[in-house]
Amino acid sequence: MEEQKNIYFISFDTLALHPLTSGNKIFTRVIERDKTFVVSQKPLHIVTRSCNYYGSSLERATLTSHNVLGKMHKVPIMMANAYGVPCIFIPIMSPASNQNAWISYHAVQNFTKDGMDTILTLENGEKLTLNVSIATFYRQYSLARLIEIDFLKKQKRMDRSTYLFPSKKSKEVQESQDINYKKNVDRQEDPENPEEPDAVT
C-alpha cells in the first residue's frame with residue numbers, strides 16, 4: 001500500500017503526476033526520485049496549487065508559455081526556477097482532462113513507441129505508459145525545450161547586467177568616486193583644513 005497525502009506541492013524532486021481513478025474520484029500518483037505515493041487531489045489541482053504556492057498562477061504560467069510559443073493548446077509551463085534552472089512540466093493531454101498526466105521536462109530519460117502509446121522512461125528508471133502517440137509526446141517535449149531555451153537566453157541577458165558585473169571602466173569610475181568621497185569626509189573631519197571638497201564625478 002503506497003503512502004497517501006492530502007496536500008502536495010511540486011518540487012524539483014517531482015518526476016511525474018499520474019492520474020488514478022477510484023470509483024468516481026480522481027487521485028494522483030506522485031513519482032519522485034526516490035519514492036512514490038498517492039495524493040487525494042487531481043493532478044490539475046496539484047499543479048494549480050503549486051503555481052500559486054510559488055507566487056504565480058496556472059493562467060499566468062500558461063500566458064508566459066503562449067508569449068514564447070504562440071497561442072497553442074496544452075502548452076508546457078514553467079512553474080518556478082531556482083539557481084538558473086527552470087522547473088518545467090509537460091501536460092500530456094488537455095490540462096482539463098481527468099486523464100491528463102504531467103511530466104517533469106528534466107525527468108525525461110527516454111521515450112519509445114508502443115503501438116499507439118508511448119513508453120516513457122524517467123530519470124530514476126521507472127517506466128510509464130502514456131496514452132498518446134510518440135509524435136504527440138515528442139511535440140510536447142520539443143515545446144518544453146523551446147521554453148527552456150527562451151528562459152536561459154533571458155537569464156544570460158540578466159547575468160550580463162552591468163549592475164551585477166560592471167565593466168572595467170565602470171569599476172575605475174566607481175573607485176575614483178570612492179576616493180574623492182573619502183577625501184571629502186576626511187577634510188570635513190579636520191577643522192584645520194578648510195579646503196573646499198572635491199567634486200564627486
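The values are calculated or read from the model by the stated rules, or taken from the named source; none is laboratory data. No experiment lies behind these values; they were computed from the predicted model shown. Note that each Cβ is placed from the backbone with ideal geometry, even for glycine, and that neighbours are counted across all protein chains shown. Note: areas computed on protein heavy atoms with side chains; ligands, DNA, RNA excluded. Shrake-Rupley method; radii C 1.70, N 1.55, O 1.52, S 1.80 Å.
Miscellaneous remarks
- Unmet criterion (only one of (1) in contact (Cβ under 8 Å) with a residue 60 or more places away in the chain; (2) over 22 Å from S97 (Cα atoms)) for D13: (1)
- Test: residue in segment 120-143 that is part of a helix (DSSP H, G or I), surrounded by fewer than 19 Cβ atoms within 10 Å (Cβ to Cβ), among the basic types (K, R) and at pLDDT below 95: no
- Verdict on N100 being open to solvent by less than 60 Å² (accessible area, probe 1.4 Å) and either touching a strand residue (DSSP E or B) at 6+ places or on another chain (Cβ under 8 Å) or part of a strand (DSSP E or B) (or both): yes
- When segment 80-94 is filtered for residues that are in contact with a helix residue (DSSP H, G or I) (Cβ under 6 Å, 6 or more places away or on another chain) and either polar (S, T, N, Q) or on the phi < 0 side of the Ramachandran plot (or both), the ones remaining, listed by number, are P86, I88, I90.
- Residue within segment 179-191 that is modelled with pLDDT of 65 or more and part of a loop (DSSP other than H, G, I, E, B) present: no
- Within segment 1-26, the set of residues being more than 21 Å from I77 (Cα to Cα) and open to solvent by less than 50 Å² (accessible area, probe 1.4 Å) comprises just one member, I26.
- Residue-level check: of (1) surrounded by fewer than 16 Cβ atoms within 10 Å (Cβ to Cβ); (2) touching a residue at least 12 places away in the same chain (Cβ under 8 Å); (3) outside any strand (DSSP E or B), N52 misses just (2).
- Taking the criterion of being under 15 Å from A101 (Cβ atoms) and in a helix (DSSP H, G or I), the residues of segment 29-49 that qualify are P43, L44, H45, I46, V47.
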